[in-house]
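Q: A single structure is presented below for examination.
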Amino acid sequence: METTSSIKAVIFDCFGVLYTGSLTELASNCDTPEAVKELYDATRAADHGFLSREEYISKVMELTHLGNQEVKALMATAQVRSRGVFEYAKELKQRGYKTAVLSNIGRDTIQKLFKEEDYELFTAIIASGDIGVTKPHITAYDRALDRIRVQPSEAIMIDDAYSNVSGAIEAGMKGVVFTSFVEMKSQVEMLLRG
């Protein structure tokens, strides 16, 4: 086990982290925070009519290293499985950390989104509909921590909602607000190093 800090588990939110909008997923393919910023700047420029669709797609391809068809397919999708975040969760598990999901959704949504192999990747996949309470209520974090058998100080919660990260911190956990894959991974690695 590679753990050098007291952290034993990383808990991911579903929507906004494991499943993202197409722009967030495109940003997760950028190599650096600067490239992510450039992607968001290009998106704003295209939204304001300063870049044509073709110019925008070309810029996105340059920044993400994706092909034309893959960029167009991602742009047409509302919710996208974040390949980078799932791969990072797998890497964390291989390094000896517990991984889990805690999301404010119903069990039926979990069953639609998560594949059989996801249940092997995550120690627990917890829907608020199953535990009877939603984030940011401290009870939601307490129930998730009980399910994966770690203390609050031994866990990191990754969520795209500031209020949910604040709730996790109030419960005694570490928290990371998800803004992009690159930034999230950098922040988690810093916490793991202690």
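Q: Residues of segment 167-194 being among the aromatic types (Phe, Trp, Tyr) and more than 18 Å from Lys93 (Cβ to Cβ), which ones?
A: Correct list: Phe178 only.
Q: How many residues does segment 68-94 hold that are under 16 Å from Phe15 (Cβ atoms) and not in a helix (DSSP H, G or I)?
A: Residues meeting the conditions: 6.
Q: Examine segment 95-111 for a residue that is among the charged types (D, E, K, R), in the same structural domain as Ala155 (by TED's automatic domain parsing) and without any contact (Cβ under 8 Å) to a residue 24 or more places away in the chain, and state whether such a residue exists.
A: yes
Q: Now for a different question. Return yes or no: is Tyr40 of a type in the set (Ser, Thr, Tyr) and in the same structural domain as Thr123 (by TED's automatic domain parsing)?
A: no
Q: Turning to a different aspect of this structure: Go through segment 59-83 and give me each residue that's closer than 30 Å to Ile138 by Cβ and either aromatic (Phe, Trp, Tyr) or surrounded by fewer than 19 Cβ atoms within 10 Å (Cβ to Cβ) (or both).
A: Result: Gln79, Arg81.
Q: Taking the conditions exactly as written (among the hydrophobic types (A, V, I, L, M, F, W, C) and closer than 16 Å to Cys14 by Cα), does Val177 satisfy them or not?
A: yes
Q: Can you tell which of Leu102, Leu92, Leu51 is farther than 26 Å from Gly129 by Cβ and surrounded by 15 or more Cβ atoms within 10 Å (Cβ to Cβ)?
A: One residue alone meets the criteria, Leu51.
Q: I need the full set of residues from segment 143-183 which are touching a Ser or Thr at 6+ places or on another chain (Cβ under 7 Å), surrounded by fewer than 22 Cβ atoms within 10 Å (Cβ to Cβ) and assigned to a helix (DSSP H, G or I), in order please.
A: Matches in segment 143-183: Ile148, Ser153, Glu154, Val182.
Q: Among the numbered criteria (1) in contact with a strand residue (DSSP E or B) (Cβ under 9 Å, 6 or more places away or on another chain); (2) under 27 Å from Thr123 (Cβ atoms), which one does Ala27 miss?
A: (2)
Q: Which residues, taken from segment 62-102, are polar (S, T, N, Q) and in contact with a Ser or Thr (Cβ under 7 Å, 6 or more places away or on another chain)?
A: If the condition is that a residue be polar (S, T, N, Q) and in contact with a Ser or Thr (Cβ under 7 Å, 6 or more places away or on another chain), then Thr77, Ser82, Thr99 are the ones that fit.
Q: State all residues of segment 1-36 that are out of contact with any Phe, Trp or Tyr (no Cβ under 9 Å at 6 or more places or on another chain) and closer than 13 Å to Lys59 by Cβ; if no residue qualifies, say none.
A: Of everything in segment 1-36, those that are out of contact with any Phe, Trp or Tyr (no Cβ under 9 Å at 6 or more places or on another chain) and closer than 13 Å to Lys59 by Cβ turn out to be Leu26, Ala35.
Q: If you don't mind, another one. Might you let me know whether segment 37-54 holds any residue that is acidic (Asp, Glu), touching a residue at least 24 places away in the same chain (Cβ under 8 Å) and part of a loop (DSSP other than H, G, I, E, B)?
A: Within segment 37-54, not a single residue is acidic (Asp, Glu), touching a residue at least 24 places away in the same chain (Cβ under 8 Å) and part of a loop (DSSP other than H, G, I, E, B).
Q: Still on this structure: For residues in segment 110-142 being buried (at least 16 other Cβ atoms within 10 Å of the Cβ) and of a type in the set (S, T, N, Q), which is nearest to Phe181 (Cα to Cα)?
A: Thr123
The values are calculated or read from the model by the stated rules, or taken from the named source; none is laboratory data. Note that the structure is a prediction, hence the values are computed from the model and not measured. All Cβ positions, glycine included, derive from the backbone under ideal geometry; neighbour counts span all protein chains shown.
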